[in-house]
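The structure under discussion appears below in the form of structure tokens.
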Amino acid sequence: MSTYAIIETGGKQLRVEPGRFYDVCHFAPLKPGTLDPNVEISIHRVLLIRHESATNSGHPWLKGAIVKGRILQPCRGRKITIYKMHSKKKMRRKLGYRQDLVRFVVDSIRLDGEEFYR
């Protein structure tokens, strides 16, 4: 466990490491048309950075902390089945829903101009 950061995106907190890919609901600053592959992204909402034994945390976010990465591809999540039924009323409704996701890879974690790799 050398270097990782905790970021906030899509209303959720996510633990990220350089060189790994993650699926998130959406990126707020990006419009749906700009989710092309190899688009560079930078996330400024970094809550915590851990590098070897040093831990830096912010209140609520770290100043000068950036997680840089790029979009690999837009994708869709698993199908969620919603089934509603009222007994003795002959009412049954079955719906399915798939969340639109974005898969991105973390290239580097930066704090005050110093880059951390894996």
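The values are calculated or read from the model by the stated rules, or taken from the named source; none is laboratory data. Keep in mind that this is a model prediction, so the values were computed, not measured. Using ideal geometry, Cβ is built from the backbone for each residue, glycine included, and neighbour counts are taken over all protein chains shown. Ligands, DNA and RNA are stripped out before the accessible areas are found, and what is left, the full protein with its side chains, is counted by its heavy atoms. Shrake-Rupley method; radii C 1.70, N 1.55, O 1.52, S 1.80 Å.
When the Gaussian network model of the chain links Cα atoms closer than 10 Å, the mean-square fluctuations of 93, 20, 50 top out at 93.
Below 8 Å between Cα atoms, with a sequence gap of 6+, how large is the relative contact order for the range 16-118 in percent? Please list the in-between numbers first.
Numbers: 199 pairs, mean separation 36.5, N = 103.
Rounded, it is 35 percent for the range 16-118.
Partners of residue 63 within straight-line reach, counting aspartates and glutamates whose Cα lies under 16 Å from its Cα and excluding those fewer than 8 residues away in the same chain: 8, 112, 114, 115. Between residue 80 and residue 12, the simple spin-label model (points 7 angstrom out along Cα→Cβ) gives 1.0 nm. Positive end of the dipole of the range 53-111, charges at C-beta (+1 Lys, Arg; -1 Asp, Glu), about the Cα centre: which of 57, 67, 87 has its Cα farthest in that direction? Looking along the dipole axis, the top candidate is 87. Site-free segments of the chain were taken between chymotrypsin sites (Phe, Trp or Tyr not before Pro) in DSSP loops having at most 16 other Cβ atoms within 10 Å, sites themselves excluded; the longest one is 1-60. Taking 0.36 nm per residue of sequence separation and removing the Cα-Cα distance, the residue 54/residue 20 pair yields an extension gain of 10.1 nm. Of all lysines in the structure, those lying under 19 Å Cα to Cα from residue 94, and not within fewer than 8 positions of it along the same chain, are 79, 84. Residues considered: 52, 17, 40. Largest GNM mean-square fluctuation over the chain, using C-alpha springs under 10 Å, is found at 52. Heavy atoms of the protein chains alone define the surface here; on that basis the chain has 71 Å² accessible area per residue at 1.4 Å probe size. Tell me which label goes with the value of percent of Cα pairs over 21 Å apart computed from the coordinates here: [x] 46; [y] 26; [z] 49. Given [x] 46; [y] 26; [z] 49, the calculated one carries the label [x].
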